[in-house]
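Report on the following structure.
The values are calculated or read from the model by the stated rules, or taken from the named source; none is laboratory data. Everything numeric here is computed off the predicted structure, so don't read it as measured data. Every residue, glycine among them, receives a Cβ derived from its backbone with ideal geometry; neighbour counts consider all protein chains shown. Heads up: the accessible areas ignore ligands, DNA and RNA and are worked out on the full protein's heavy atoms, side chains in. Shrake-Rupley method; radii C 1.70, N 1.55, O 1.52, S 1.80 Å.
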Amino acid sequence: MASGLTVLRGLLPTWRQPAQIVVTAFALVIAAGTVLLMLPVATESGESSGFVTALFTATSAVCVTGLVVVDTSSYWSTFGELAILGMIQVGGLGIMTLATLLGILVVRRFGLRLQLTVQAETKTLRLGDVRRVVAGVVLISLVFEVVIFLVLFLRLWLGLGQHWGEALYQGAFHSISAFNNAGFSLYSDSLMRYATDAAICLPIAFAVLAGGLGFPVWIELWRHRLRGARRWSLHVKITLLATSALLAVGSVLITAAEWNNPATLGQFGVGGKLLAGFFHGVMPRTAGFNSLDVSQFEPGTLLINNVLMFIGGGSAGTAGGIKVTTFALLAFVILAEIRGRPSVHVMGRRLESTVQRQALTVALLSVGAVVSGTLLLLALTPFSLDRVLFETVSAFGTVGLSTGITGQLPPSAELVVTGMMFLGRLGPITLASALALRERTRRYELPEERPIVG
């Protein structure tokens, strides 16, 4: 512990290349996880899994995605499953901690500069900040994971008659996987066997939403619990508003699109349809659990999922995607432009032009990454565009949903998906922070000219 603090003390005062620190840290964890999963003891057969399979699984676990090329419960031994669970926990805690620290760094650098306060603290993070952030992330994670674990354990043990030891293990595994938006399951059909079991699906859906909101949202909600929404920051307001809207719209559209599909919702009664529809409205937030056969979705449903997966969840949380705040900010920019307003106003605040440019950059570069990944997979696999696009967006959004082609990918395509998961997990976060921290004041401006648009 002391050596870790010494390292932090040496790194945090400068933070000249925070993106490199984040990327390097995650790459090292993935490398260590790959080595663990390549050990013969990690598989049920007692043979080494092979490099590509181990790398793919380790990346999926650390990047809390959930895409798998082999069945988790039948291929990996208990040691392998625990290694995957450990990587999920490290990945979830790590991304929340590092993303929050980067957010603090950006806010201090610009917020304190605008307020003309202590100049010495505008470019540094103190060790006390790191301790508080790490302690807060761990505490919030443990609280949610323990609560969800207890609900799942009691349901599996007392409600479904499983042996208490099996219920204990499965409850713990799925609670950690759900809160960290990982989507790894110990069941070969994910959660399809529990599609109409509200005591299983609703706690997991709640855990996914809780992890996807992000640590800054939860800590602010706790601090202002007695003061009401008027004290919430713009970030919290946008995150909660956009998450609620996307959840409601996604659930309604998916339920409506699949209502009469006999291979999905059509087999259930009204209550089961509503439950499964809501569950699949939550999962693109981004966790790869499924209670319906995704390969049987209507084309329109796949498109809806693509949009939701690309947007993702809240910043500094366990969800992936470009983040709901980025999506919402772009929507506000478009609305202001349509109304002909010279500046963008959001909930009583004016949005800086730099933030608008950063949101646009993150969104467009993410589109470019998805298009590039899709083209590569189309060239390397025989699958149709709709399935390949779904797989690419799921990997980039660190969702984990699949139409069933993941296990059929050749090694070269597996490596492409592995790269997409890594890029999708770290790309938007590191890009956004790098853009903010690279901002410079321009000492002169060139003559203005207006080209034709549209």
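Mind listing the phi-derived Karplus ³J(HN,Hα) values for the range 261-269, rounded to whole Hz, using 6.51, -1.76 and 1.60 with θ = phi - 60°, and x for any glycine or proline?
Along the range 261-269, the couplings run 6, x, 8, 10, 6, x, 7, 10, x Hz.
Using modelled backbone amide H atoms (1.01 Å from N, in-plane), which distant-in-sequence or interchain residues come within less than 5 Å of Val346's amide H?
Under 5 Å from the amide H of Val346 lie the amide H atoms of Leu351, each far enough along the sequence or on another chain.
Could you please state how large a percent of the accessible area of the range 215-353 is carbon and sulfur, counting protein chains only and using a 1.4 Å probe?
On the way: 3940 of 6380 Å².
Reported share for carbon and sulfur atoms: 62 percent.
Per residue of the range 194-210, in order, report the coupling 6.51 cos²θ - 1.76 cosθ + 1.60 (Karplus, θ = phi - 60°) as ³J(HN,Hα) in whole Hz, putting x for Gly and Pro.
10, 4, 10, 9, 5, 5, 9, 5, 5, x, 5, 4, 5, 5, 4, 5, 5
Solvent-accessible area of Ser244, probe 1.4 Å, all protein chains present, reported in Å² to the nearest ten, please.
Here the residue's solvent-accessible area equals roughly 70 Å².
Find out how many positive minus negative residues lie around Leu380, taking Lys and Arg as positive, Asp and Glu as negative, among other residues whose Cβ is under 12 Å from that of Leu380. It would help to have the intermediate numbers written out before the result.
On the way: positive: none; negative: Glu391, Glu414.
Counting the neighbours of Leu380, the net charge comes to -2.
Amide H to amide H, which residues 5 or more places from Thr286 or on other chains are under 5 Å from it, using H placed in the peptide plane?
Gly320
How many angstrom lie between the Cα centre of the range 167-187 and the Cα centre of the range 59-85?
11
Order the following by accessible area, largest value first: Val324, Val333. Probe radius 1.4 Å; ligands, DNA and RNA are ignored. Could you put the intermediate results ahead of the total?
Values: Val324 0, Val333 40 Å².
Per-residue accessible area, sorted high to low, gives Val333, Val324.
Of His174, His224, His163, which has the most accessible area with a 1.4 Å probe, and how do the rest follow in descending order? Present the calculation step by step, with values, prior to reporting the outcome.
Details: His174 5, His224 35, His163 115 Å².
So the residues, ranked largest to smallest area, are His163, His224, His174.
Can you list residues from other chains, or at least 5 along the same chain, whose modelled amide H is less than 5 Å from the amide H of Thr43?
Placed amide hydrogens put Ser77 under 5 Å from Thr43.
At 1.4 Å probe size, with every protein chain present, just tell me what the per residue accessible area of the range 290-438 comes to in Å². Intermediate values should be presented prior to the final figure.
Details: 6060 Å² over 149 residues.
Using a 1.4 Å probe on heavy atoms only, each residue of the range 290-438 averages 41 Å².
Below 8 Å between Cα atoms, with a sequence gap of 6+, how large is the relative contact order for the range 375-417 in percent? It would help to have the intermediate numbers written out before the result.
On the way: 29 pairs, mean separation 19.6, N = 43.
45 percent.
Kindly report the accessible area of the range 157-279 per residue (heavy atoms of protein chains, probe 1.4 Å, no ligands, DNA or RNA), in Å².
Values: 5450 Å² over 123 residues.
Result: 44 Å² per residue.
What's the local net charge at Arg231, with K and R +1, D and E -1, over the other residues with C-beta under 13 Å away?
Values: positive: Arg223, Arg225, Arg227, Arg230, Lys237; negative: Glu220.
Local charge sum for Arg231: +4.
What percent does the relative contact order of the range 133-225 come to when contacts are Cα pairs within less than 8 Å and at least six residues apart? Could the numbers behind the result be given before it?
Details: 85 pairs, mean separation 29.1, N = 93.
The value is 31 percent.
What list of ³J(HN,Hα) couplings, whole Hz, do you get for the range 287-299 from phi and the Karplus terms 6.51, -1.76, 1.60, once you set θ to phi - 60° and write x for glycine and proline?
Using θ = phi - 60°, the values come out as 10, x, 6, 9, 9, 10, 6, 4, 5, 9, 5, 5, x Hz.
Which FRET efficiency value, to the nearest 0.05, do you get for Leu375 and Leu234 by plugging their Cβ-Cβ distance into 1/(1 + (r/R0)^6) with R0 = 45 Å? Intermediate values should be presented prior to the final figure.
On the way: r = 37 Å, r/R0 = 0.83.
The calculated FRET efficiency here is 0.75.
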